[in-house]
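Quick note: the coordinates plus some simple rules give every number you see, no bench work behind them. Keep in mind it's a predicted model, so treat the numbers as computed, not measured. Glycine gets a Cβ as well: all are built from the backbone with ideal geometry, and neighbour counts include every protein chain shown.
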Amino acid sequence: MNVLGYFQAGLTVREYEALLSEDQVKLHGLHKRRAAITPEDVASIEASEARRVLVITEPWCGDSLAIFPVVSELFGRAGVEVRVAQRDLNPALIDQFLTNGGRAIPIAIVLNESNAPILRWGPRPAPAQEIVTSHKEDVAAGRIERAEVHKKVRAFYSSDVGKTIVAELVSGLADA
């Protein structure tokens, strides 16, 4: 199946959110309400070639709890339909969008009017990825707990309020 087929078979934002636990719904709501999305950001998305967005993710993904609400709100405000393909139910899809050989999520795939992918973004914004990357050896060596790294990433998401996610997506589409 091609990306459009996965998009068409994907869950709507509401259907995906119905899979979330009560605590996950609260986190989604918090990140959605706090998302730093300006009218200029929305206008940039509207002026781009973006027509559809397929997000590959899972409800259990910690990064997605902060990222998905920002992505869905940004594109939703611009009138671009967002759908979700669950990673674990669609291995052939995620295997087309590996990150350093791994099935990291969330991955946002932006399609144009011809349903061709014009942007692949994810699994996390550059500063959050830097936190993970800079601690990788220390986690492997047992010098820091993985939970401590996740705490630092969550602190980034909380203080950034989606600004970096939005900026990377807007910039990526401007370059597409």
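Here are some notes:
- Taken as a whole, the condition of being among the small types (Gly, Ala, Ser), under 18 Å from Leu11 (Cβ atoms) and under 14 Å from the mean Cα position of the chain (by Cα) does not apply to Gly172.
- Of all residues in the range 1-57 being among the polar types (S, T, N, Q) and touching a strand residue (DSSP E or B) at 6+ places or on another chain (Cβ under 9 Å), the one that is farthest from Leu119 (Cα to Cα): Thr12
- When Ile105, Ile118 are checked against the criterion of being of a type in the set (Val, Ile, Thr), in contact with a strand residue (DSSP E or B) (Cβ under 6 Å, 6 or more places away or on another chain) and in a loop (DSSP other than H, G, I, E, B), Ile105 stands alone in meeting it.
- Looking across the range 110-141 at every residue that is of a type in the set (Gly, Ala, Ser) and on the phi < 0 side of the Ramachandran plot, the one that is farthest from the chain's Cα centre (by Cα) is identified as Ala141.
- Evaluation of Ile144 against (1) in contact with a His (Cβ under 7 Å, 6 or more places away or on another chain); (2) at positive phi (one fails), failing number: (2)
Conditions tested, residue by residue: (1) outside any loop (DSSP other than H, G, I, E, B); (2) under 15 Å from Pro106 (Cβ atoms).
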residue	(1), (2)
Gln8	yes, no
Lys26	yes, no
Ile45	yes, no
Ala50	no, no
Pro59	no, yes
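- Residue check, Ser159 assigned to a helix (DSSP H, G or I) and among the hydroxyl-bearing types (Ser, Thr, Tyr): yes
- Checked against the criterion of being without any contact (Cβ under 8 Å) to a residue 40 or more places away in the chain, surrounded by 15 or more Cβ atoms within 10 Å (Cβ to Cβ), within 18 Å of Val53 (Cα to Cα) and touching a helix residue (DSSP H, G or I) at 6+ places or on another chain (Cβ under 6 Å), the candidates Ile131, Ile94 yield just one match: Ile94.
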